[in-house]
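Worksheet: the structure to be examined is printed underneath.
The numbers here are math on the coordinates, done by the rules we state, and not lab data. Predicted model, so just to flag it, every value in this text is computed and none were measured. Counting neighbours? That spans all protein chains shown, and the Cβs are built from the backbone with ideal geometry, glycine included.
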Amino acid sequence: MIACETELYPPIKALLETQGFSVGGEVKGCDLLATRNDELVIVELKRAFNLELILQGIQRQSVTDRVYLAIEAPRRMRRRRWGKIMKLCRLLGLGLLAVRFSDRPHVDVLLDPGPYKPRLDLQNRRLLLNEFLERSADCNVGGCVGRPIMTAYREKALRIASHLKRHGPARPCEVAEAAQTNKAGSILLKNFYGWFARIDRGVYQLTPLGCQALDRYAAVIKQLEGEWRRQAGKQKTLLR
């Protein structure tokens, strides 16, 4: 690791000068300013990528649209983290430089500044909307960490488990109708949580793990039951 961000200045200055820029340091608070004809480039320097560097870069965009953030290239670049950093810089229209110090300093131009509009991930959008629409109620508190999330899949599995506890072993078609879910067969067959066991051909019952889950989620199930009954009543009305 470099001792100070000033060590980034000489190699970046040298790179810009080879491209015909005139370079100066600490110009009105800018770490590095470079000009070439009508072009104006500003580079903000930091030892590592952080929020302060981003805020400085955004502030400089009021002067020029050619703003670079410069950091020391870490010895080990984790691809996933660097992918996120690059995406953030693209979204903000900021360039990114990484200076490597080995035998002699070398500047990698990872990203040039420019306008960027992210492409919609239609598949992920559809999955998000489906997950939201398939949930019966809002049983989760946003921002919670370290507790199970009540997903649409878990909710359906609980509906199936509740039916099996009340009525005993049943076939998927019976469960699907009673629990108002067309995924009963798949959930019983995959048995992701270990709540179900096949006791005969096409017949399933609740396991001890399933009973424990019903006890653990008793408060949530009580919250959901009202919505399940409302949905069932609405379905009957539509069928009349």
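Per the Kirkwood definition applied to all pairs of different Cα atoms, how many angstroms is the hydrodynamic radius of the chain?
Working: mean 1/r = 0.0436 Å⁻¹.
In the chain this quantity evaluates to 23.0 Å.
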Practice task
Once you have the Kirkwood Rh of segment 134-177 from its Cα pairs, apply Stokes-Einstein at 20 °C and 1.002 mPa s and quote D in µm²/s.
Solution key: 178
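For segment 137-239, just say rounded, prolate or oblate: build the C-alpha gyration tensor, square-root its eigenvalues into a ≥ b ≥ c, call rounded for a/c under 1.5, and beyond that prolate if a/b exceeds b/c, oblate if not. Can you show the working numbers first?
Values: a/c = 1.91, a/b = 1.13, b/c = 1.68.
Oblate, since a/c reaches 1.5 and b/c is not below a/b.
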Completion exercise
Of the residues ALA179, THR151, SER102, the Cα lying farthest along the dipole of the chain towards its positive end, which is defined by charges on the beta carbon of Lys, Arg, Asp and Glu, belongs to ALA179
Completion exercise
Cα convex hull volume per residue for segment 1-54, in Å³, equals 85
Practice task
Take the Cβ-Cβ distance between ASP65 and HIS167 as r, set R0 to 51 Å, and report the resulting FRET efficiency rounded to the nearest 0.05.
Solution key: 0.15
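All other residues with a Cβ under 13 Å from the Cβ of PRO105 taken together, and with Lys, Arg as +1 and Asp, Glu as -1, what is their net charge? All intermediate terms of the calculation are to be shown ahead of the outcome.
Working: positive: LYS13, ARG100, ARG104; negative: GLU7, GLU72, ASP103, ASP108.
Combined, the nearby Lys, Arg, Asp and Glu give -1.
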Exercise for the section: Select from PHE132, LEU111, LEU122 the residue farthest towards the positive end of the dipole of the chain; place +1 on Cβ of Lys and Arg, -1 on Cβ of Asp and Glu, and compute about the Cα centre. Expected result: PHE132
Problem - Prolate/oblate/rounded label for segment 5-111 (Cα gyration tensor, a/c 1.5) - result: oblate
Completion exercise
Quick calc, segment 1-106, dipole around Cα centre from Cβ unit charges on Lys, Arg (+) and Asp, Glu (-), nearest 20 debye, gives 820
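Go ahead and estimate [θ] at 222 nm for the chain from helices alone: -39,500 (n - 2.57) per DSSP H run with n ≥ 4, summed, over the residue count, rounded to 500. Display every interim value, and only then the final one.
On the way: 9 runs with 109 residues, N = 240.
So the calculated ellipticity at 222 nm is -14000 deg cm²/dmol.
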